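The values are calculated or read from the model by the stated rules, or taken from the named source; none is laboratory data. On a predicted model such as this, the values are computed, not experimentally measured, just so you know. Neighbour counts run over all protein chains shown; Cβ positions are idealised from the backbone, glycine included.
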Amino acid sequence: MALGAAPFSAPAAVSRGFTQLLDAVVRIDVQQVAFDQGTRRFEASIGSGVVLSSDGLILTNAHVASPQAVEINVTLSNLERVGARLVGWDHWTDLALLKLDMDEVRRRHLAFAHAEFGDSEKLFPGETVFAVGTPYGLARTVTRGIISNTHRYFEGDLDIDGYETGMFNTWLQTDAAINPGNSGGPLVTEDGRVIGITSRSYLGASNLGFAIPANVAKVVVAGLVRNGSISRSYIGVEPTALQDLEHFYSLALNTGALLSNIDAGSPAARAGVKVGDILLAINGSKVDGRFPEQLPPIQNSIASQPVGATLGLTIKRGPQTMTFAVTTEKLESSVGEEGAFESWGLSVRKVSRAYARENRLPDATGVLVIGVRPGFPADVAGLAAGDVITTVNRQPVTSLDMLKAAHEAFAAKPAPALFEAERDRRVALFILKP
Amino acid sequence: MPAWCHRLFLALLATAAVARAADIPALWAERVKCTVAVAYVIENENDRRPTLAYGTVIDRQGTIILPTAAVDQRLAPQQLKDFKVYIPGDPTPYEGTYLGGDVFTGWQYVRVEEKARSRLVPVTAFAAHGANPVPVMTEELWGIGLRPKEEDFLPYILQSHLVLTQLLPERTGVTQQEVAGPGLPVFNHAGDLVGIALSSGGETYMQFSQGARGGEAVILFDLEESSLFQLADDVLPYLKRIPTNVNGRPLAWLGAFSLEPMDRDVANFLKLSPQASGAVVSEVLENSPAEKAGMKARDIIVAINGQPIPHFRPDHVVIDYVEHEIARDRPGDAMSLTVLRGADRLELKATLGEEPKLVREADRTFFDRLGFTAREFVYGDAIARRVKVAEAAGVIVHYVRPNGPTALAGLQTDDWIQEIDGAPAKNYTDALARLFAIANDPQRREFVLLVSRGGDTAILRVKLK
């Protein structure tokens, strides 16, 4: 039995751009260090990426290659393997930029193609797209689908291994088959232009895949090339969609966003902005947060301001409209620096200002226990993941270095050490014995 | 007759003599008269839950003690209804009155109506003359159990051996098997009271091959019988602590919040003696006696009124010990506390205060049309939400009816309502007046709540039918 399939578009194979794109997609093998079980250990992962330039820049996901990576190997389309290094990463958009070892490329006379970005704002639902990548290690796999939604919004907090993500962008949704290992690979149109970077899918669901739009990626790539990182501004407000609360707040439709959360101690809180305020404009530009899909761009417009800039927030509170001057701070992750102290069998993460704020700690003193090694001193003493160690031998833990010094002293001349830690507001004491 | 035969003869004679002295069935029949079953109803917004406990009669006025766990301390006293007292083996219910709980002993007190009293004998009638007996290891003990209500609470006997006595911090006996129903007395061979059984320590049984469960092992909890009992010396002297009100006030208060025990290693590191221990104060509450006495968070309490804090096994018993010492006193009493702060050892003089209004004492109102119960914001709510007591405003959501209008809007139990229709809810009275206005206005189709939940806030739009 044969079904007469009507030709709905030009076959991808005939497009030169598509052929070139295939030659620009790479497999990425990453060895990274992990500190989570009271020890330093290495773990391997596989992802995909796309070469963006002739000088060997490769775009992938932040959850494929992070600063924890100790070795990155790239398999080019001609199956040759080349080393690469991390140029920078941005977990907020789940993007990371690598650079091929060009000396090695030249020495071995290796060739590769590079891809071009398309305009992700011009996509329409139903448009044919292809995902290219290394699902489950199966290199150079092409799957086909359509754009299912051009502005997918995820409610709630997303994270990549604890790092915040997704506040500043919406996603492209596609039904092209996306599997683990596809991450970091491109989502392309039929002419081979990259319109998204495949990032996540629902495991177990059928054909619900998501990609970071190319227009978001272009900005991030430029920033990572320039500075190695993306600097964003923070004022501490969380907008919520007004949906149909406009009437309650006596607002015209498509006007303003409801501020449903103000971080305690944040610039906005200090300036006097309150929960329940309606944000009408930022520096005179009108804000429209009627629907959830409109919230990431609002967040992004704040984040895109230079750090330290003073923003004029036009706020409606009850019948009054007022303006607040809010000076931005640098946006920080709640995930601080990590380390493992092997003689103690203890893995920790520095308490960051953002973590302290979220968890209502008085300040950023202390380290968060992220893992203990069974049978080692920290575990035997009763420390557990989630505890915040505030003092060691009665000295406040202000940095990871301070802890390193105490650990070195312990390793050199083992003696019981007194740890004070907080767990759910309860302060307890622990003795780590050699 | 060989010598060994002679010894055997004597031994038999001795056994017979003891058995005659202690006619356990007769002793048992007499002592059953100090036991009762107490049934009551817990009234919630949406249901009424029948509840059952066992108790021991302590005086001629028909006062009955029940174990702590017989009454959930989170419930408001007005939710506890329809107390009935049953005499073992008799289905006739007698009226009971809930008198409240004593925070020091933990006993819950109930009084039975006059006409039942002549059928009861107080447990004190079975106390030993002179010193209370302290059972020794392997000693045979027995107690009373009561069958379920369907069997008219028929009394039966339980017998076991003492295997351990522990300080928890009260002197607590542990028997090899269950020795009495929780709340019911335990006796020795002579029929003298040795203690009152506590709520079951959670004796568990694995039962295999239960057909109905596909042969999987099931774990059964025995809640009707207990192998733990509190020794008479820690029971009898305190029986007169009968609450004068259902809230059990006055309640002495120090305000050292979230005490934490320490293990032996920490105590050694702090150079405490092997018999001593301490409790770490996690937080010192605002405006509390502890704060006024100069106590600071992270202080380690090592002595109360000059008495070093003993070392208990397990470590966490020390917390009960400290709380017990506070509960023993009354508001206004002086308490001196020795604390370690860093390398210093300090003496703090506190004057105990009256415990601020508890959640279970807070006023509450159920709004049927809105489908939730608003509860007064009390001191403990400010502590739990880490706000200054002076900043306390609004009301707490005590209950949300499933699928009711507020539930559909996303309201959850323990949400803190701060604004109603865009204006701050100043206090309980103000919030109530405005919620009543909404609930009683048949034209109302919606209202808006601003709630705080775990430090985050949400604006909820509630649609009414």
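What to note about this one:
- Residue in region B:133-148 that is assigned by TED's automatic domain parsing to the domain that holds B:HIS189, out of contact with any Leu (no Cβ under 7 Å at 6 or more places or on another chain) and at pLDDT below 95 present: yes
- Counted as qualifying within region A:252-320 are the strands (runs of 3 or more DSSP E) with 2 or more residues that are surrounded by fewer than 18 Cβ atoms within 10 Å (Cβ to Cβ) and either of a type outside the set (A, V, I, L, M, F, W, C) or within 14 Å of chain B (Cβ to nearest Cβ) (or both), namely A:310-317.
- Restricting attention to region A:369-382, the residues being closer than 13 Å to A:ALA417 by Cα and touching a helix residue (DSSP H, G or I) at 6+ places or on another chain (Cβ under 9 Å) number 2.
- Only residues that are touching a strand residue (DSSP E or B) at 6+ places or on another chain (Cβ under 6 Å) and away from every other protein chain (no Cβ under 14 Å) were counted across region B:417-431, and they come to 2.
- Matching residues, region A:186-209, being surrounded by fewer than 24 Cβ atoms within 10 Å (Cβ to Cβ) and within 21 Å of A:PRO297 (Cα to Cα): A:ARG200
- Close pairs from region B:320-346: first under 30 Å from A:THR391 (Cα atoms), partner polar (S, T, N, Q), Cβ under 6 Å, at least 6 apart: B:SER336/B:ASN305
- Of the residues making up region A:246-267, those that are within 24 Å of the chain's Cα centre (by Cα) and hydrophobic (A, V, I, L, M, F, W, C) are A:LEU259, A:ILE262, A:ALA264.
- The listed residue being surrounded by fewer than 21 Cβ atoms within 10 Å (Cβ to Cβ) and within 11 Å of another protein chain (Cβ to nearest Cβ), out of B:ILE319, B:ILE300: B:ILE319
- Residue that is surrounded by the most Cβ atoms within 10 Å (Cβ to Cβ) [pool: residues in region B:269-292 that are away from chain A (no Cβ under 14 Å) and in contact with a His (Cβ under 8 Å, 6 or more places away or on another chain)]: B:ALA276
- Pairing residues of region A:294-323 that are in the same structural domain as A:ALA271 (by TED's automatic domain parsing) with residues that are charged (D, E, K, R) and outside any strand (DSSP E or B), at Cβ distances under 8 Å and at least 6 apart in sequence or on separate chains, gives A:ALA303/A:ARG232; A:SER304/A:ARG232; A:VAL307/A:ARG232; A:ILE315/A:ASP277; A:LYS316/A:ASP277; A:ARG317/A:LYS274; A:ARG317/A:ASP277.
- Strands (runs of 3 or more DSSP E) enclosed by region B:276-360 - at least 2 residues per element that are among the basic types (Lys, Arg): B:344-351
- Listed by first and then second residue, the pairs linking a residue in region A:394-421 that is assigned by TED's automatic domain parsing to the domain that holds A:LEU346 to a residue that is assigned to a strand (DSSP E or B) and small (Gly, Ala, Ser), with Cβ atoms under 7 Å apart and 6 or more places separating them unless they lie on different chains, are A:LEU400/A:GLY339; A:ALA406/A:ALA417; A:PHE410/A:ALA417; A:ALA421/A:ALA428.
- Some residue of region A:218-226 being within 14 Å of another protein chain (Cβ to nearest Cβ) and either among the aliphatic types (A, V, I, L, M) or not in a loop (DSSP other than H, G, I, E, B) (or both): no
- Within region B:432-449, the presence of a residue that is on the phi > 0 side of the Ramachandran plot, of a type outside the set (Val, Ile, Thr) and within 14 Å of chain A (Cβ to nearest Cβ) is excluded.
- Selection status of B:VAL163, closer than 20 Å to B:VAL36 by Cβ and modelled with pLDDT of 95 or more: no
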